[in-house]
Each structure stands twice: as C-alpha cells, then as structure tokens.
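Quick notes on the structure that follows.
The values are calculated or read from the model by the stated rules, or taken from the named source; none is laboratory data. Source: prediction; values computed, not measured. When we count neighbours, we look across all protein chains shown, and the Cβ atoms used for this are built from the backbone with ideal geometry, even at glycine. What goes into the accessible areas is simple: the full protein's heavy atoms, side chains included, and nothing from ligands, DNA or RNA. Shrake-Rupley method; radii C 1.70, N 1.55, O 1.52, S 1.80 Å.
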Amino acid sequence: DKSFIIKWSEWLYSARNKDGAWGHYANDENSALFPTCMSLIVLNQSNIQNHDLTLGYNWILSEKKEDGWSFGKDSSISEIATAMAVLTLRGIKDSKDSIFEKPKVKILQNDLWSTERENQPGTLWEHCSYMWIFPALMSLDVDPYNKVIANGVRNINKYNSNDGWIEPGGGMTVRGQFWAVVAFESIIDSYDPSVDTYQIDSSISQNALREPQFVNIFIHSNWAMIIPAK
C-alpha cells in the first residue's frame with residue numbers, strides 16, 4: 001500500500017534531529033549511528049522521492065574516524081559500526097569511492113562473528129556482526145569466496161539447529177533468524193552462477209585439485225561447503 005509507505009516515511013523523516021540524523025527517540029537531538037543508518041536505508045529503499053536525505057548522509061560522513069566508524073565518540077572503531085555506515089553510504093556512493101578504502105580493510109580484518117553491545121539509556125542494543133558485515137562486503141564487490149566470508153559462514157552454521165538459528169551466545173529468537181537470513185541473502189544475491197560455477201568447475205578439473213579460495217577440501221573428509229545458489 002503506497003499510501004501507508006508515504007505515511008510512515010513522512011513520520012520517520014519528521015523525526016530527524018536538527019543535524020539531519022536520527023536518535024533512538026524522535027527529535028531527541030541525540031543523533032546516533034544505528035538509528036541514522038536504519039532510517040536512511042529504509043527511506044532510500046522506499047522510493048519516496050520527496051525527501052532530501054543529504055544532511056543525514058553528511059552526518060554519517062562527519063562521524064568517520066581514520067579507518068572507520070564507532071557507535072559513539074568515546075568508543076573505539078568497530079567492524080560492525082563500520083559495516084553499518086558503509087552499507088548506508090553505498091546508497092549514494094559508488095563501491096570504488098575512496099571513502100571506502102580504509103573501512104573495507106578494517107571490515108576484512110574481522111574474525112569475531114558474534115554480537116556487539118551498545119549501551120543506551122533504558123535499553124541494550126545487540127548488533128550482529130554477520131548481519132551487517134556480509135551485506136557491506138558484498139556491496140563493496142568483495143568476492144563471495146573470500147576467506148573472511150567463508151569463516152563467517154562457518155560460524156553462522158554453528159548456530160544452526162533444526163528450528164533455525166540461535167543467537168551467538170544466546171537462545172532461539174526471531175531476530176536470530178532475521179540476522180542469519182539477511183546475511184545469507186546478501187551472499188546469494190552476489191552469487192553469479194555464470195562466473196562462480198565456472199570457477200568451481202575449472203578448479204576441480206585441473207590435474208592437481210585447486211580448491212575455491214574459501215574452503216579446504218580434504219579428499220577423505222565427510223564434508224565440504226559450497227555457497228548456496230537460488
């Protein structure tokens with residue numbers, strides 16, 4: 001229903017702070033990275049053209065530190081916060097833009113596939129690494145066979161059960177399913193069978209087995225891992 005989308009987008013746009021960004025509450029004049037990124041992403045995807053989001057994007061750019069972003073001025077740079085900002089800024093900037101050079105390196109250094117807690121008055125936000133890092137890396141044209149992605153996939157699979165995915169270090173929740181689906185969907189959407197299937201076929205047809213970059217295949221093992229395709 002387009003009228004409903006217009007109605008909620010107008011409210012969300014009106015909830016901005018004076019600096020053009022968003023806080024955790026409407027017009028609270030306490031702009032933060034997470035609500036600003038979420039607001040810009042959904043407004044950009046809504047295809048409602050009567051909103052000027054320039055100030056919001058500029059706020060994110062102004063919050064950038066040397067190698068990336070953090071969840072607060074007094075916090076250290078975080079791979080999750082950096083991925084969040086990168087994915088948002090890809091709405092207005094090309095993947096090859098110089099603004100992404102150092103943040104891309106920072107995200108590719110991630111080796112902790114869990115969650116990061118952000119303390120806010122009255123609540124605790126848990127930000128999931130793979131939900132943000134996978135889509136951010138895919139938006140920067142990182143090869144789906146990259147070893148960092150492969151390690152993340154292995155870790156998500158550790159959280160899998162018969163009923164879905166549990167949270168890292170937690171239990172079965174709705175958001176746990178959401179985190180995993182968003183992560184895997186970003187890989188599936190970046191998988192090009194015309195290119196990637198050929199890469200696998202050509203690698204296993206060599207005299208000496210040359211494996212895809214992301215996985216070690218042991219000939220006598222009981223398992224191997226491949227990227228899922230639609």
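Using a cut-off of 10 Å between beta-carbons, work out the net charge of the residues near Gly72 (Lys and Arg +1, Asp and Glu -1, Gly72 not included).
Numbers: positive: Lys73; negative: Glu63, Asp74, Glu118.
In short, -2.
With an a/c value of 1.5 or above and a/b larger than b/c for the gyration tensor axes a ≥ b ≥ c computed over the alpha-carbon atoms, region 1-71 is described as prolate. Applying 1/(1 + (r/R0)^6) with r as the Cβ-Cβ distance of Val182 and Asn119 and R0 = 22 angstrom yields a FRET efficiency of 0.40. Counted residue by residue at 0.36 nm each, then reduced by the alpha carbon distance between them, the extension gain from Asn160 to Gln45 reaches 38.4 nm.
Would you mind getting me the FRET efficiency between Ile5 and Met172? Use the beta-carbon distance for r and R0 = 35 Å, nearest 0.05.
Details: r = 31 Å, r/R0 = 0.89.
Efficiency computed from Cβ-Cβ geometry: 0.65.
Just reorder Glu167, Glu79 by solvent-accessible area, largest first, 1.4 Å probe, all chains present.
Working: Glu167 20, Glu79 45 Å².
The ranking, largest first, comes out as Glu79, Glu167.
Given axes a ≥ b ≥ c from the Cα gyration tensor, I'd like to know whether region 84-164 is rounded (a/c under 1.5), prolate (a/b larger than b/c) or oblate. Note, shape of region 84-164 comes out oblate.
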